[in-house]
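Participant: Pasting a structure here, questions to come.
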Ligand code: ADE
Ligand code: ZN
């Protein structure tokens, strides 16, 4: 486990901030909402572009970062899909996944559920097998060499047809042992959960767990959350901040013990704040809010930077941070035995 020395440059920090960062660093943590393609760092993009002979629109990683101009979901997705064109071979998917899993080890994130977007690759002529073999190899290596456990959640792109999602679901069945659940991401406008009702019903019958994005401040967001609860009967909701606008929805989420994978720094790009008050309200209402990084290479914040931001900018106390971390293990798609293992580690760390 990394200690205080791993935090740099610590000597410039106020001592309370330093103590809080050490507390966060040393907590064993879980991440439940991270898009693997959203972990593609600019430096790796350039290395893969060179290896694969792909021409990027920018000349340096710094110029690429300077061009990150997102303020809503569509402006983000445009950059996100363009950047992933460098991912072509099994080794590329391995390298991207391995880099993320090494980062989680550095941050003491011991367990992660990672999204991947197969249609964003099969649509460019990259085979499903190429994508999943590369990711899976990194997962196996991370478990044995880093002690980081991870599971895969396959997302469907919601602007594509339900037929395309169903084809992807059927293609995934040969790799069922490697996938714990399915999700729904990408362009939410005019692409409600109900469009994929049949696909998700089939996914459930195949044994997959179900989640869907209800991104912050989307058109018809309350209708989308309702459909997630009543029609799809999801096991979790990704984001779901706007559920706070409807007390009946909040009560239902709390009653079912559904996890909400909130992404504070990601939210800040859309609503200009970390949604710290909303996270506090969820906790006060007994809703299982968890903290996640979403697309850390783009939002320039992994798990710990999200928690540092909540502490330093929204005044979260140690007990609140610990509760959020506990919620992640509570709602993770783990066996009872593995869940208890992580909760015991957390309790031991908290003393
Ligand atoms: N795909 C990658 N990141 C996403 C996000 N934050 N929302 C919806 N789809 C995504
Ligand atoms: Zn997301």
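The values are calculated or read from the model by the stated rules, or taken from the named source; none is laboratory data. Only a predicted model underlies this, so the values are computations on that prediction, with no experimental measurement involved. All Cβ positions, glycine included, derive from the backbone under ideal geometry; neighbour counts span all protein chains shown.
Participant: Can you tell me which residues in segment 80-90 are assigned to a helix (DSSP H, G or I) and either buried (at least 16 other Cβ atoms within 10 Å of the Cβ) or on the phi > 0 side of the Ramachandran plot (or both)?
Facilitator: Residues satisfying the conditions are 80, 81, 83, 84, 85, 86, 90.
Participant: Filter segment 177-191 down to the residues that are under 20 Å from the mean Cα position of the chain (by Cα) and away from ligand 2 (no atom under 16 Å from the Cβ), then identify the one that is surrounded by the fewest Cβ atoms within 10 Å (Cβ to Cβ).
Facilitator: Checked segment 177-191; the qualifying residue surrounded by the fewest Cβ atoms within 10 Å (Cβ to Cβ) is 178.
Participant: Here is a further query. Check 320, 313, 278 and return the single one that is more than 20 Å from residue 183 (Cα to Cα), in contact (Cβ under 8 Å) with a residue 40 or more places away in the chain and either away from ligand 2 (no atom under 16 Å from the Cβ) or in a helix (DSSP H, G or I) (or both).
Facilitator: 320
Participant: Just to be sure I understand, how many residues within segment 97-115 are within 16 Å of ligand 2 (Cβ to nearest atom) and touching a helix residue (DSSP H, G or I) at 6+ places or on another chain (Cβ under 8 Å)?
Facilitator: Final tally of qualifying residues: 4.
Participant: Hey, residue 65 hits all of (1) away from ligand 1 (no atom under 16 Å from the Cβ); (2) assigned to a helix (DSSP H, G or I); (3) modelled with pLDDT of 95 or more; (4) within 30 Å of residue 132 (Cβ to Cβ) but one; which does it fall short on?
Facilitator: Status for residue 65: all satisfied but (3).
Participant: Going by the structure shown, is residue 218 modelled with pLDDT of 95 or more and either within 14 Å of ligand 2 (Cβ to nearest atom) or more than 22 Å from residue 330 (Cα to Cα) (or both)?
Facilitator: In short, yes.
Participant: Moving to a separate point now. Given (1) in contact (Cβ under 8 Å) with a residue 40 or more places away in the chain; (2) out of contact with any helix residue (DSSP H, G or I) (no Cβ under 6 Å at 6 or more places or on another chain); (3) more than 16 Å from ligand 2 (Cβ to nearest atom), where does residue 236 come up short, assuming only one miss?
Facilitator: (3)
Participant: If you go through segment 145-153 one residue at a time, do you hit one that is within 16 Å of ligand 2 (Cβ to nearest atom), closer than 24 Å to residue 82 by Cα and within 20 Å of the chain's Cα centre (by Cα)?
Facilitator: Yes.
Participant: Does residue 210 satisfy the criteria of being surrounded by fewer than 24 Cβ atoms within 10 Å (Cβ to Cβ) and in contact with a helix residue (DSSP H, G or I) (Cβ under 7 Å, 6 or more places away or on another chain)?
Facilitator: Yes, satisfied.
Participant: Among the residues of segment 202-211, is there at least one that is within 16 Å of ligand 2 (Cβ to nearest atom) and under 30 Å from residue 311 (Cα atoms)?
Facilitator: The answer is yes, given that some residue of segment 202-211 is within 16 Å of ligand 2 (Cβ to nearest atom) and under 30 Å from residue 311 (Cα atoms).
Participant: Turning to a different aspect of this structure: For residue 244, state whether it is part of a helix (DSSP H, G or I), away from ligand 2 (no atom under 16 Å from the Cβ), modelled with pLDDT of 95 or more and touching a strand residue (DSSP E or B) at 6+ places or on another chain (Cβ under 9 Å).
Facilitator: So residue 244 does not fit the description; no.
Participant: Right, another one. Take the conditions more than 30 Å from residue 170 (Cβ to Cβ) and either modelled with pLDDT under 95 or within 13 Å of ligand 2 (Cβ to nearest atom) (or both) and apply them to residue 249. Does it pass?
Facilitator: In short, no.
Participant: Mind counting the residues in segment 166-197 that are within 15 Å of residue 234 (Cβ to Cβ) and in contact with a strand residue (DSSP E or B) (Cβ under 8 Å, 6 or more places away or on another chain)?
Facilitator: So the answer is 9.
Participant: Among the residues of segment 281-304, what is the count of those that are away from ligand 2 (no atom under 16 Å from the Cβ) and surrounded by 17 or more Cβ atoms within 10 Å (Cβ to Cβ)?
Facilitator: Going through segment 281-304 one residue at a time, the tally reaches 4.
Here's the yes/no breakdown for (1) more than 16 Å from ligand 1 (Cβ to nearest atom); (2) touching a strand residue (DSSP E or B) at 6+ places or on another chain (Cβ under 7 Å); (3) at pLDDT below 95; (4) within 21 Å of residue 34 (Cα to Cα):
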residue: 204; (1), (2), (3), (4): yes, yes, no, no
residue: 212; (1), (2), (3), (4): no, yes, no, yes
residue: 228; (1), (2), (3), (4): no, yes, no, yes
residue: 232; (1), (2), (3), (4): yes, yes, no, no
residue: 235; (1), (2), (3), (4): yes, yes, no, yes
residue: 239; (1), (2), (3), (4): no, yes, no, yes
residue: 263; (1), (2), (3), (4): no, yes, no, yes
residue: 269; (1), (2), (3), (4): no, no, yes, yes
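Participant: Now, a different point. Does residue 32 qualify as being within 18 Å of the chain's Cα centre (by Cα) and modelled with pLDDT under 95?
Facilitator: no
Participant: For the condition over 30 Å from residue 326 (Cβ atoms) and either assigned to a helix (DSSP H, G or I) or more than 14 Å from ligand 1 (Cβ to nearest atom) (or both), what is the one hit in 97, 75?
Facilitator: Checking each option against the conditions leaves just 75.
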